[in-house]
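The values are calculated or read from the model by the stated rules, or taken from the named source; none is laboratory data. These figures come from a predicted structure and were not determined experimentally. Here the Cβ is made from the backbone with ideal geometry for all residues, glycine too, and neighbour counts use every protein chain on show.
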C-alpha cells in the first residue's frame, strides 16, 4: 500500500497523471471515497496521463454510466453508483471493453463483486480539509503491485 497526502487539486491531478502513464490495457482502477473526495478529479488526471488532450473535458459519468476516451490506449471512465446488479454490468459491455484492451477507471466499483475481483488497484480518497486529500493506493494482486512499483519511480522525491 502507498499512502500520500495531496495538498491541492493540482497534486491530485499530478499523481493521477503519473498513474495513467504506467497503466496497460485491461487494467481496472477502482476509485473510492465520499462525495467531493476527488474521484472525478483523479479520473481526469488518469485520463490525461493516458494521453488524452488536456483540452478534453473529463466529467462525472454518474448519469451516462460510461464515458469513453482515446489516448495511447482506449479509456473508459465509469460510475457504477446507480447499478444494482451484475446483469446491468454485463449489459454495459464492460467485459468486452476490457478484453479489447481498454483501461477502466471506475467509481463505486466495490458495489459489484465481478468488478471488485477484476480491479488491480484501489485508489481510496479521503477528505482531510477543504484542499487536502489523503490517498491510499491498495494493490490487488501482482499487477497492482507492479503498478505501484512503477508509480513510485515517477513520484518526486
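The residue list 10, 46 contains one member that is closer than 15 Å to residue 106 by Cβ and either without any contact (Cβ under 8 Å) to a residue 12 or more places away in the chain or in contact with a strand residue (DSSP E or B) (Cβ under 8 Å, 6 or more places away or on another chain) (or both), which is 46. Condition first: within 12 Å of the chain's Cα centre (by Cα) and either surrounded by fewer than 15 Cβ atoms within 10 Å (Cβ to Cβ) or under 15 Å from residue 121 (Cβ atoms) (or both). Now tell me which residues in segment 28-44 satisfy that. Of everything in segment 28-44, those that are within 12 Å of the chain's Cα centre (by Cα) and either surrounded by fewer than 15 Cβ atoms within 10 Å (Cβ to Cβ) or under 15 Å from residue 121 (Cβ atoms) (or both) turn out to be 28, 29, 30, 31, 32, 33, 39, 42, 43. Check segment 18-27 and report whether any residue there is in a helix (DSSP H, G or I), within 13 Å of the chain's Cα centre (by Cα), modelled with pLDDT of 95 or more and crowded, with 20+ Cβ neighbours inside 10 Å. Scanning segment 18-27 turns up at least one residue that is in a helix (DSSP H, G or I), within 13 Å of the chain's Cα centre (by Cα), modelled with pLDDT of 95 or more and crowded, with 20+ Cβ neighbours inside 10 Å. When segment 80-94 is filtered for residues that are closer than 20 Å to residue 26 by Cβ and either in contact (Cβ under 8 Å) with a residue 12 or more places away in the chain or in contact with a helix residue (DSSP H, G or I) (Cβ under 6 Å, 6 or more places away or on another chain) (or both), the ones remaining, listed by number, are 80, 86, 89, 92, 94. Taking every residue in segment 56-69 that is at negative phi and surrounded by fewer than 16 Cβ atoms within 10 Å (Cβ to Cβ) and pairing it with any residue that is modelled with pLDDT under 90 and assigned to a loop (DSSP other than H, G, I, E, B), at least 6 positions away or on another chain, the pairs with Cβ-Cβ distances below 8 Å are 62/81; 62/82; 63/82. Residues that are crowded, with 18+ Cβ neighbours inside 10 Å and within 15 Å of residue 44 (Cα to Cα) within segment 74-96 comprise 75, 76, 77, 78, 79, listed in sequence order. Within segment 97-110, the set of residues being over 8 Å from the mean Cα position of the chain (by Cα) and under 15 Å from residue 66 (Cβ atoms) comprises 97, 98, 100, 102, 103, 108, 109. Applying the criterion of being free of Cβ contacts under 8 Å to residues at least 12 places away in the same chain and over 16 Å from residue 80 (Cα atoms) to the residues of segment 105-150, the residue that is surrounded by the most Cβ atoms within 10 Å (Cβ to Cβ) is 146.
Residue-wise test of (1) touching a helix residue (DSSP H, G or I) at 6+ places or on another chain (Cβ under 6 Å); (2) under 21 Å from residue 92 (Cα atoms).
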position: 40; (1), (2): no, yes
position: 51; (1), (2): no, no
position: 55; (1), (2): no, no
position: 62; (1), (2): no, yes
position: 67; (1), (2): no, yes
position: 70; (1), (2): no, yes
position: 75; (1), (2): yes, yes
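Table: residues versus (1) in contact with a helix residue (DSSP H, G or I) (Cβ under 8 Å, 6 or more places away or on another chain); (2) modelled with pLDDT of 95 or more.
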| residue | (1), (2) |
| --- | --- |
| 98 | yes, no |
| 110 | yes, no |
| 114 | yes, no |
| 118 | yes, no |
| 121 | yes, yes |
| 131 | yes, no |
| 134 | no, yes |
| 139 | yes, yes |
| 142 | no, yes |
